[in-house]
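See structure below.
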């Protein structure tokens, strides 16, 4: 297979995909929702077939265009309906509340205590300081987010103002 | 909704561009599967016993002549002669206008690679196999 034909196909596929992804919104391949993962997986397989000429380019364009359109319709549905959003993206799972792990949340995410320990540690909080965490969630993207208890948050300007008010200055 | 219209417009424009390249400029190898890719896919489908799905690799005329049962029979007879097909590849042969030939290279457990030439014809811009004579008597 001549190399220049592969180069032409690569450039063509790249431009088509770039245009489709730009048109379907910034969140299309944003980090790790189940939603964008499925899209990336299907597109990845399609590209392989197109680059090695296993399918005609017209078939690739039709398939990628259909996928982008369906993705956009689902995104539009998710942005207009909480029910569709929950269905395609899932909901955050509470895995730690007021410094204590939540069995039901961990079970739902197939997470062990060790994994929870690791995830919270990655956020800079070791097990001895779990009491500082008022809530930890596994977000729809798969990442863990922490909410610190008010007393454990770094002091803000408004805290200084409150202290000064209390002191009567 | 404007984004959907934009995507549909992009797809239509791109398909138009592909049509110009394939039908207007006569592209036979870049934006369409070249003959050797079609032959390789066909022989791979036969190797996997996907006889019904193999119909899409044939020209309209050939589809009328080549039934799944005939393909099964030809494949069985081919493997009884050369051994079970274990490896499939294809090489390009000649090309003249809307006709071409590509060579399927079959690797078996019993003998050296067997080379089977297959004729193709360009139909609606895409290469299609015109018959299975090559497979019947390699």
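What follows is calculated from the coordinates using simple rules that are stated; it is not laboratory data. Computed from a predicted structure; not experimentally measured. Using ideal geometry, Cβ is built from the backbone for each residue, glycine included, and neighbour counts are taken over all protein chains shown.
Below are the figures for this structure:
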| quantity | calculated |
| --- | --- |
| Convex hull volume per residue in cubic angstrom - Cα atoms of segment A:3-88 | 85 |
| Tilt relative to chain B, helix B:35-47 - C-alpha long axis, 0 to 90 degrees, to 10 | 50 |
| Radius, Kirkwood style, for segment A:93-152 when every pair of distinct Cα atoms is counted (Å) | 11.1 |
| 0 to 90° range, to nearest 10: angle between helix B:68-82 axis and chain B longest Cα axis | 50 |
| Efficiency of FRET between residue A:143 and residue A:110 - r from beta-carbon atoms, R0 22 angstrom, step 0.05 | 0.90 |
| Theoretical gain in end-to-end length, residue B:6 to residue B:123 [0.36 nm per residue, Cα-Cα removed] | 39.0 nm |
| Cα-based Rg / Dmax (Å) for the protein assembly as shown | 29.3, 104 |
| Ranked A:12, B:23, criterion: other C-beta atoms within 10 Å, fewest first | B:23, A:12 |
| Residues in segment B:67-90 reached by a label modelled at residue B:109 [backbone nitrogen below 14 Å; 7 Å Cα→Cβ] | B:79-80, B:82-87 |
| Protection-proxy order for peptides B:33-39, B:102-108, A:87-93, each taking the mean of Cβ atoms within 10 Å per residue, highest first | B:33-39, B:102-108, A:87-93 |
| Residue-averaged 222 nm ellipticity for the protein assembly as shown, from DSSP H runs of 4+ at -39500 (n - 2.57), nearest 500 | -15500 deg cm²/dmol |
| Cα-projected label distance for residue B:76 with residue A:73, points at 7 Å along beta-carbon direction, nm | 4.4 |
| Simple label model, 7 Å out from Cα along Cβ direction - residue B:89 to residue A:5, nm | 1.7 |
| Fraction of alpha-carbon pairs over 25 Å apart in chain B - percent | 35 |
| Whole-angstrom gap from segment B:1-61 to segment A:77-111, using each part's C-alpha centre | 42 |
| C-alpha long axis of helix B:2-19 to longest principal axis of chain B, angle in ° | 60 |
| Inter-chain Cβ neighbour average for residues A:54-66, partner chain, 10 Å | 6 |
| Binned Cα-Cα distances of chain A, short to long, each 10 Å bin given as a whole percent | 9, 25, 20, 20, 15, 7, 3, 1, 0 |
| Simple label model, 7 Å out from Cα along Cβ direction - residue A:66 to residue A:166, nm | 6.5 |
